[in-house]
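What follows is a set of notes on a single structure, which appears directly below.
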Amino acid sequence: MKSPSIKNILFFGTDTLSTAVLSKIHTNGYNISAVTKHSKSPVYQFCQRNGVPVDVFRKSELPFGRSSSDFAGCLGVVASFGHMIPGKVIRSMSHGFVNIHPSLVPKYQGAAPLPHTLLNGDKKYGVTVLEALPRSFDQGRILHQSNFDIPTSMSGSEFWNYTADNMADVTHAFLRDPSRSTPRSQDLSISSPAPRISKLQLKTLSRVCPHVQTADQIFNISRCLDLYNLSIVVSWQGKTLKLLSITPINDPHLRELARTRLRSGQFVMWDGVIVVKCADDTVLGVSRMVLPFKPIISAAQFYRDHCSGRVEKVFRMEYSSSELDSLASPQKVQTCR
């Protein structure tokens, strides 16, 4: 970057990840103008509350109806914006244009790095500051990169908020002296894409099948779905049951119990938790669930009210043979948006 004394920033962002970054920049005394996708976005609302000039994105013109010369002395910053920045906008920033991306690029280049991170069960991830380039996503030189652990117990929504804080902190650290960064090119031969997940793909992901998916796979899917305020669903007694508050169980006694006494998909009650046997003799714990048109109930209440007598205690999902083959393949289980 060209100068350690940048004060003018043109910021592009839309969601709550963007807002966390914008808020951090705003509280550190920069002269900011912002561009967002629409007037209902979290970034737009933040700007309205805090007196930050804000414009709605239009592909055909520069922000605020200005000319390129008006952005002399500006650094462009984009974080979770949702649109490709036009080349004429990038080129008009005399101090350059940086992208704040929540992955360790070249891993997970694209619009949805966080779902990919959770689906694949990654234990670490990162935030990268890289050069924004015309007509490309997340392929510029790396200017700054920080690594973070992902707590295994963290839900999808908690991971989102954790990432927002990390993106804000990394941006602040970089802006204190951009000239100290040493740009390095990405090895694009090892890049991995992170495209958006469609609504149909999310629906497919949510329909888990303990007969062919492991506890870890189902848990990773549940964390991904939580980013979208969605839940795992299974079929039980002809009803669609949403499973909430789930986690893999590694207790040796319960795993041996599942291996010797349960078949895949079958469940028992253990210490207030429904224990489900999944593929490869793995075990999943469920502490809350929802029946159709009913409020959330505890696993203990569900078992007490609905699983007495000879009721079959099996979670299943009816798939065609081709869907079962897809679920059994680790690469296809981890389809991302």
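The values are calculated or read from the model by the stated rules, or taken from the named source; none is laboratory data. This one's a predicted model, so the numbers in the text were calculated from it and none came from an experiment. Virtual Cβ from ideal backbone geometry, glycine too; neighbours counted across all protein chains shown. Note: accessible area is taken over every heavy atom of the protein model, side chains too, but ligands, DNA and RNA are not part of it. Shrake-Rupley method; radii C 1.70, N 1.55, O 1.52, S 1.80 Å.
Tabulated data for the structure shown
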quantity: Residues of the range 139-170 classified as of a type in the set (Asp, Glu) and more than 16 Å from the chain's Cα centre (by Cα), total; calculated: 1
quantity: Contacts under 7 angstrom Cβ, first residue in the range 209-223 being touching a residue at least 12 places away in the same chain (Cβ under 8 Å) and over 19 Å from Met154 (Cβ atoms), partner small (Gly, Ala, Ser) and part of a loop (DSSP other than H, G, I, E, B), 6 or more apart; calculated: Pro210/Ser264; Pro210/Gly265; His211/Ser264; His211/Gly265
quantity: Residue tally, condition surrounded by 13 or more Cβ atoms within 10 Å (Cβ to Cβ) and closer than 27 Å to Ser69 by Cβ, over the range 32-52; calculated: 10
quantity: Whichever residue in the range 264-279 is out of contact with any Pro (no Cβ under 9 Å at 6 or more places or on another chain) and touching a residue at least 24 places away in the same chain (Cβ under 8 Å) and, among such residues, is nearest to Gln213 (Cα to Cα); calculated: Val275
quantity: Members of the range 90-106 that are open to solvent by less than 40 Å² (accessible area, probe 1.4 Å), at pLDDT 95 or above and touching a strand residue (DSSP E or B) at 6+ places or on another chain (Cβ under 7 Å); calculated: Phe97, Val98, Asn99, Ile100, His101, Pro102, Ser103, Val105
quantity: Residues satisfying the stated conditions in the range 273-306, i.e. open to solvent by 40 Å² or more (accessible area, probe 1.4 Å), assigned to a loop (DSSP other than H, G, I, E, B) and either within 14 Å of Leu254 (Cβ to Cβ) or not aliphatic (A, V, I, L, M) (or both); calculated: Pro292, Phe293, Lys294, Pro295
quantity: Complete set of residues in the range 171-211 that are within 22 Å of the chain's Cα centre (by Cα), open to solvent by 20 Å² or more (accessible area, probe 1.4 Å) and closer than 30 Å to Ile232 by Cα; calculated: Ser191, Ser192, Pro193, Pro195, Arg196, Ser198, Lys199, Leu200, Gln201, Lys203, Thr204, Arg207
quantity: Options Gly87, Gly76; residue that is of a type outside the set (S, T, N, Q), open to solvent by less than 40 Å² (accessible area, probe 1.4 Å) and within 18 Å of His172 (Cα to Cα); calculated: Gly76
quantity: Residues of the range 145-170 classified as part of a strand (DSSP E or B) and either open to solvent by 60 Å² or more (accessible area, probe 1.4 Å) or among the aromatic types (Phe, Trp, Tyr) (or both), total; calculated: 3
quantity: Filter pass, Asp216 being among the acidic types (Asp, Glu), in contact with a helix residue (DSSP H, G or I) (Cβ under 7 Å, 6 or more places away or on another chain) and in a helix (DSSP H, G or I); calculated: no
